[in-house]
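To keep things clear, I will list the structure first and then write my remarks on it.
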Amino acid sequence: MGSSRRRLLQLAGGAGAGLIFTPAPWRLLGDSAIWTQNWSWLPKTPRGALTSRATHCTLCPAGCAVCARSVGGIPTGLWPAGEPLCPAGFAGHHLAWHPQRLREARHDGSPDAAANEVEALRGRLEAIRARRSRECFAVLDLAPGRTASLIHRRLLARIDNGAYLEPPAIEGATARAVSALLPGNVRAALDLQRTKTLLSVGTPVADGWGSPARVTRALRRFRLVHAEAQQSRAADIADEWLRIHPGSETALLAGIAGILIEEGLESPSARRCPDYGEFRAALRRARGETGLAPDRLRQLARTLAREQPAAVVADGDPANGPYAPETQAAAAALNVLLGAVGVPGGFAPRMEVPAPNEWAGVPVSAIESLEDGSIGALLIDEPLPGCSLPWTLVERKLAKDALVAACAWSAVGVSRRAEWIVPAPVFLETLQDTPPAPDAVEASFRISDAFLPPPPDAIDAVTLLARLAGEEMAPAKALEERAAAIHASGNGALTKAGDAEALPVTALDSAEFWQSLKDGGEWRWSKETGGVEPARLFPPGAGLSVEPVRAAERVSGWRPAGVSPLLAKLWQESELKERPGAPRAGGSAS
Amino acid sequence: MTTALTPSMLLQRERELIRRGVDRCPLPQFLMWTAPWFALLVFGCYAAWLCLSQGLFHTNMDNQYAFGLWIFLDLAVIALGAGAFFTGFLLYVARKQEMKAVINSAVVIGLVCYSGAVAVLMVDVGQPLRAWFTFWHPNVHSMLTEVTFCITAYLTVLLIEYLPVALKNRKLCRVTRYAVFEYELHRLMVVFALLGAFLSFFHQGSLGGLYGVLRGRPFAFREGFGIWPSTFFLFIVSAAAVGPSFIALTTWITEKLSGHRLVEGRVYDTLARISGKILLVYVALKAADTLVWMNATAPARGFAARGFYETQPFGTWILLAEIGVFGLLPGWLLVSRRARASRAVLLCGAALACAGVALNRFVMTIQTLALPTLPFERPAQYWPSWQEAGTFLAVIAFGVLVYSFSFRYLTLFPQERELAFGGEKE
Amino acid sequence: MIRKNAEGKHARYGMLIDLDRCDGCGACMVACAVENNIPPGRPGANARTGLNWIKVHRIETGGRPAFLPIMCQQCEDETPCVEVCPQNAVELDPATGVVGQIPQRCLGCRYCVTACPYHARVFNWGDPEWPAGMEKTLNPLVSPRMRGVVEKCNFCHGRWHAAREKAAADGSTGNGPVNYVPACVEACPAGAMAFGDLNDPDSALTRAVAAGEAFRLLDLLQTGPKTFYKTAFAAVRKGVAGERDA
Amino acid sequence: MFPWVYGFEWTAGRIVFLGIFFSVLLVMFLTVAFVFLKSAVHFRTGRAYFIQWKSLFHELPRASRACRHALTGHLPGRVCEGAFECRECSKHGELLEQGREAAIGAGAEEIMGMTVPLDRYYHRGHCWVKPLKKGLVAVGLDELGRRLVGRPDAVETPPPGTWLVANSTAFWVKRNGTAVRVLAPVDGEVIAAGGPSDDWILKVRPPAPLDTRHLLRGDEVRAWYRREVERLELIAGRADGAPALADGGELCADLGEAFPERWDAVCGEMLLDT
């Protein structure tokens, strides 16, 4: 045994020594080197033809022009085409691959065929019809203002008791309040590019508000005064941050308005308003403690009056919800006092994008205004991440055994409440357009084309609704019809992708116009509508009081809060931004 | 040999592996002693496996604290393992015959320290399979290249030095081939002692140079001579200083644990005297280096030395402790004949010296990385994860086990047998 | 400060960042990640364990906070990381002046990470992971890195390479400088970043740097960065560059 | 590292650095290779067994390594450095020339109750060598050795034809489940192995003429035996403080039976096994 063990040791030793004279160890070294460089689980970069094509980012109302660089037709990057792009835009092409992306229809959380949903909704529709009840069939559009939204309204008009619901939105609240003061059917938009001083009350102007990248570019061109109780990003980058007491927004606005009137700095157009006297009386009641020194407030009022054009925006914060109506009214009124309504650099009137006349549909209803328990069936259209809305608000409105279905990009948003969910095609999977941003002073029409095939189960909400109404209506078709209507109007001009010059619409034929739009072209229509005077200082019936603002339910407009997992770079791997809705970690950079 | 192996036969067989004339506890008792260390080793290997198979996110290191517990461990362990090269140097080159009593033990300690350090380094690097790239694409300007080359070569030297010790096992030495090989190898040990001293000299220094060249880390950056910053020399001297102390300490611990006298008293005395003298030289050099650094090197780069000690817990106390409590004090305890006459004082001095060098390596690794460089940075925080601690403990357990087994089956202390014969004096 | 290259054959790419324009939107970070195939953050990753070639720091300056984008500063004098890499996985490309990292050769020892005073180097603490299917959107010009290696900004080497190929296809010969911009520069909505060749005396960058307003971070460390910063505010400069360097 | 690897340039730094590194490797390699070569040469020249013994010899405690001339008092306190290989010892040669060689005697001596025949040579490993006719010698355990071993369970002898080398293993005695090696006293070919009833264990044909310079004889034996009993008491008496083995000046007849636990240690030490 001893000798055999010794033999074994000798054999092992000899083998070890001999091995180094064979190629084996050297090959092993080389192979280990290659192996550590090409692990099988490392993703392979795509191979294929490199192309680039202009389109628009329709992830938010900004609708920025982008150049999609693709490999084998799949976009590998969206890069700015002429105008700047925001962080979310740079990773917009990831939405189709988002880990939370819904790829198959689900019923009560388990996979199911999408066809069932159509049947279920149709059955529900029949039931409502048979009972002739007061229940309605409603579409809740979480991305209102698109061409698809118009089609929803049109299709709902063909269904008995059809209702089109919009969620309460905070973005553009001041623009809407100002619009209400203008005579006629004119929409106001904040002309940020030409403004000189902007007082932002709680509005996240530096955090995805308006057209984020264009706001960023404009930021240093005007003086930004930001009033907010907490140090938000807007407070960070503002030229001046007013740390006001929480809930004192109305008092702040009223205080500035009062100083303007006291010192006679208000605009003549405000004095001409019929409710000027009533406003002055209301103002006296509304002034209150803001936490700012009176001198500072006075300085601010004087600056606003001196550094014209100056505007005030008080849309509210996505984290804390919209401001109370009186705050919005006060903001609108302050804009009138500053002479910022109807003028360049302030809230300028904006033309509406034409739509075919036959598209008249059901009116827009605010979801709050609906009667409780009146919805028999609800279809939620949630094509993008970032929508949020308190479900209790919707739940109240649902009938006892109401059916809730959704057409959604994922099953994690508002749509997670639905019994049936169908995957919706997302950005870059379908032709779509975008509504105008609150800082877009020109009417414009831009679309994004389909680059990728949607998942086989995917149906967009418009197609689904059309099937229920027994019609054929694809969003692409609707966009083409709308383009035709724009072309027919003869208004505005088209800038083809890559061109500097804009061509009048009349110089193109309809097909060429449509093709150019699909190829990344942009239609714009700006018409000087100067001389629009506000009809009132604040909307009829609105009061100004400094009652503490009620804790609003958290509602946001639609914003792509988390388009790409890469945005984790901003939320968790840097201290730049807090995750939406999360409190700021506090402190400075590492 | 056809009978089945009974437990008592097994014990007998095991006993035959132990050298005659020395007393070792029975196998079950020995296994009881090793069991917790084995458990620790297994746990640590699991922790290391997590890091190797999934990635270093299992550690709490980050892009600012890119080195952590492991590098500190490597530096400390390699400094303490310097006893191997220094004892070899003293015995074979300086002809200090007393060192014969501890040379085998020193070799095993060196082997344990270096192999442990290399093992943990392999876990610490992100791509251990590419470790040989350093030999393939060496950047000769990098201190780490010097370290890698020297440590690899020195680990080989230690393995060769360990061979005669291992071949002297009671069973192995009966094999004529091994015995002859061992005899001849032992005769040429002076070559390896010289090589070891040369390699150790360079890599102990390069480990210091590792930090000294970091111009991006003003706390560590030092001017130097030629291509070597002053930390290069400080590390060599400090390692040489604590090597004998650590040998004395481990010998004493082994004596206590085994319950036998292993070396003559004067061995302790010699070790302590040498350690103390070098330690005092080191303290003087360190103090001079600190003064130059505070008054010239750091200010020239826009950093006030005061600022380095404003980050808690790295206050000025750490510098004072390093030079005073863990430098001057043990230096004096070890050098003073009166003080080291007491074994307890001598061992205290040795322990303080060892702790001092560990503290120095800690400061160079951890404090260097904690301190901000950019003016707006905040000091970085770091606390090792359990995986890091586990791997750390595995290396300790590995060391204890290798040493325990070597002590049981090999002749680590040649005097033990003599002393067992009644303390016969040479 | 600027070395003139008489032949003008090689480029010394550099950057100038106007801190007064940066508002910390982070577009550069996202664009960089898209361009260079940087994976999404691991769960639990934070500012210090995250993978970012460019990171925007928020700095308190007493008044309004400043935002400071930091990426590899492309040091050219005794480049700290090049000097310390044991296996030549970091190289200073003489043709571009860009410090390049060869991930296929990197051992992952992180000595360079320790050596960099700007914390511009990041380590892959785990395997890079993209959501299923998203690897189809990776930039084909840049290889993804594996776990256990260090990576860093290389002024978009993939773009430089593509620009050179294009120049070659257009009939250019030799290794002369080519015109391109890194992703972050293209991305910056505020136009705060300027990129150019410091060897070209006529480039806007060279003129702006020569004008003397620009400063570098940790200039006294004498690493010779080719990334410059500028600001009109003394407080910002002090907060960013410190008392001595400012 | 090598000129054909990408990016290699001959710079001064590289030449110096790699030069040093490769020199170190070369020295290491050459040294180890030399050791291998030297070992092979020892095997070829037949010195391997002696080297093995020499290597083990230095592991023995000082007390076991006393020079034979120290035992007799000619060279007090001298410790053998030549592994008991008096044939190669210059000191021994010197003393022989001075006529200090002890003479082989006759009869037997009673030492501490043991009968030690003086008509033969003794090896330090407690084997005697007794010249026989036809150039053969008998090899057997001496009295102390026999008492130490007692009744062995087995004696493992080399097969006839084996070449013994002095100081290498002659045979093994087994007892209590363990084995102790007994050193060969002379060089030579094994002719026969004795049985349990024989007082000899091996018959060996050493090269003629028989070289006995390294073996003890005559007066030396007496001094050596006294010293060996002292050594035995020291070995057996240490550690657990067991009583001396001598019982009224007489050694017990079978140590293996009296102290089975410590037999291996004591017997091994006495028979110079490591």
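Rule-based calculations on the coordinates, nothing more; no lab input. For clarity, every value in this text was computed on a predicted model and none was experimentally measured. When we count neighbours, we look across all protein chains shown, and the Cβ atoms used for this are built from the backbone with ideal geometry, even at glycine.
Annotations for the structure displayed:
- Within the stretch C:5-90, GluC sites (Glu not before Pro) in DSSP loop having at most 16 other beta-carbon neighbours inside 10 Å: C:E7, C:E60, C:E78
- Using C-alpha pairs below 8 Å separated by at least 6 residues, the relative contact order for the stretch C:13-241 is 31 percent.
- Near the amide H of A:G77, within less than 5 Å, lie the amide hydrogens of A:R69, all on another chain or at least 5 residues away, with H placed in the peptide plane.
- Under the membrane-span-like helix rule (DSSP H runs whose alpha carbons stretch at least 18 Å along the helix axis, mean Kyte-Doolittle hydropathy 1.6 or higher), chain B yields B:103-124, B:143-167.
- Between the Cα long axis of helix A:2-19 and the first principal axis of chain A there is an angle of about 60°, rounded to the nearest 10.
- The residue list A:L219, A:T174, A:A502 was ranked by how far each Cα lies along the charge dipole of chain A toward its positive end, using unit charges on Cβ atoms, and A:L219 comes out on top.
- In a DSSP loop and with at most 11 other Cβ atoms within 10 Å, the GluC sites (Glu not before Pro) in the stretch A:479-536 are A:E501, A:E528.
- Angle between chain A longest axis and helix A:276-286 axis [Cα atoms, degrees, rounded to 10]: 60
- Candidates per GluC sites (Glu not before Pro) in the stretch D:1-96, loop by DSSP, up to 16 other Cβ within 10 Å: D:E9, D:E81
- Contact order relative to length of chain B, as percent, for alpha carbon pairs under 8 angstrom and 6 or more apart: 29
- Computed from the C-beta positions of A:R134 and A:S510, the FRET efficiency with R₀ = 35 Å rounds to 0.20.
- Cys with no candidate disulfide partner in chain C (beta-carbon separation under 4.7 Å rule): C:C22, C:C25, C:C32, C:C75, C:C85, C:C106, C:C109, C:C116, C:C156, C:C188
- Ranked list, fewest to most other Cβ atoms within 10 Å of each Cβ, for B:K171, A:K397: B:K171, A:K397
- Within the stretch A:20-56: backbone nitrogen closer than 16 Å to the D:A33 label point (7 Å, Cα to C-beta): A:20-21
- With an a/c value under 1.5 for the gyration tensor axes a ≥ b ≥ c computed over the alpha-carbon atoms, the stretch C:13-241 is described as rounded.
- Spin-label model distance (nm) - B:W49 vs A:L28, 7 Å beyond Cα toward Cβ: 2.1
- DSSP-defined antiparallel bridges as percent of all bridges, chain A, nearest 5: 45
- Set A:K397/A:K477; B:K277/D:K54; A:K577/C:K166; A:K496/A:K577; A:K496/A:K527 screened for pairs whose C-alpha atoms are more than 29 Å apart: A:K397/A:K477; B:K277/D:K54; A:K577/C:K166; A:K496/A:K577
- Angle in degrees between helix A:147-156 and the longest Cα principal axis of chain A, rounded to the nearest 10: 70
- Local electrostatic count, B:R15, Cβ distance below 9 Å [Lys/Arg +1, Asp/Glu -1]: -1
- Sequence-distant contacts, meaning Cα pairs under 8 Å at least 6 residues apart, place the relative contact order of the stretch C:73-168 at 26 percent.
- A simple spin-label model places the labels of A:R47 and B:E255 7.1 nm from each other, with each point 7 Å out along Cα-to-Cβ.
- In terms of other Cβ atoms within 10 Å, D:E269, A:E575 run from fewest to most in the order A:E575, D:E269.
- Residue order, fewest to most surrounding Cβ atoms within 10 angstrom, among A:T197, D:T178: D:T178, A:T197
- Spin-label pair D:D153-D:E261: with each label point 7 Å from Cα along the Cα-Cβ axis, the two points sit 1.9 nm from one another.
- With a cut-off of 17 Å on the backbone N, the residues of the stretch A:147-182 near the modelled label site 7 Å out from A:S489 along Cα-Cβ are A:147-151.
- Straight Cα distances below 19 angstrom link D:K38 to the aspartates and glutamates B:E161, B:E182, B:E184, with same-chain residues fewer than 8 positions distant left out.
- Across the options B:G265, C:P40, A:P438, the greatest Cα extent toward the positive end of the charge dipole of the protein assembly as shown (unit charges at beta carbon of Lys, Arg, Asp, Glu) belongs to B:G265.
- Amide H within-cut-off set for A:A54, under 5 Å, with H built and near neighbours excluded: A:A68
- The protein assembly as shown: antiparallel DSSP beta bridges as a percent of all, rounded to 5: 65
- Residue with peak Gaussian network fluctuation, chain D [Cα springs, cutoff 10 Å], from D:H214, D:H42, D:H69: D:H42
- Within straight-line reach of C:K226, meaning a Cα separation under 16 Å, sit the following lysines at least 8 residues removed in sequence or on another chain: C:K4, C:K152.
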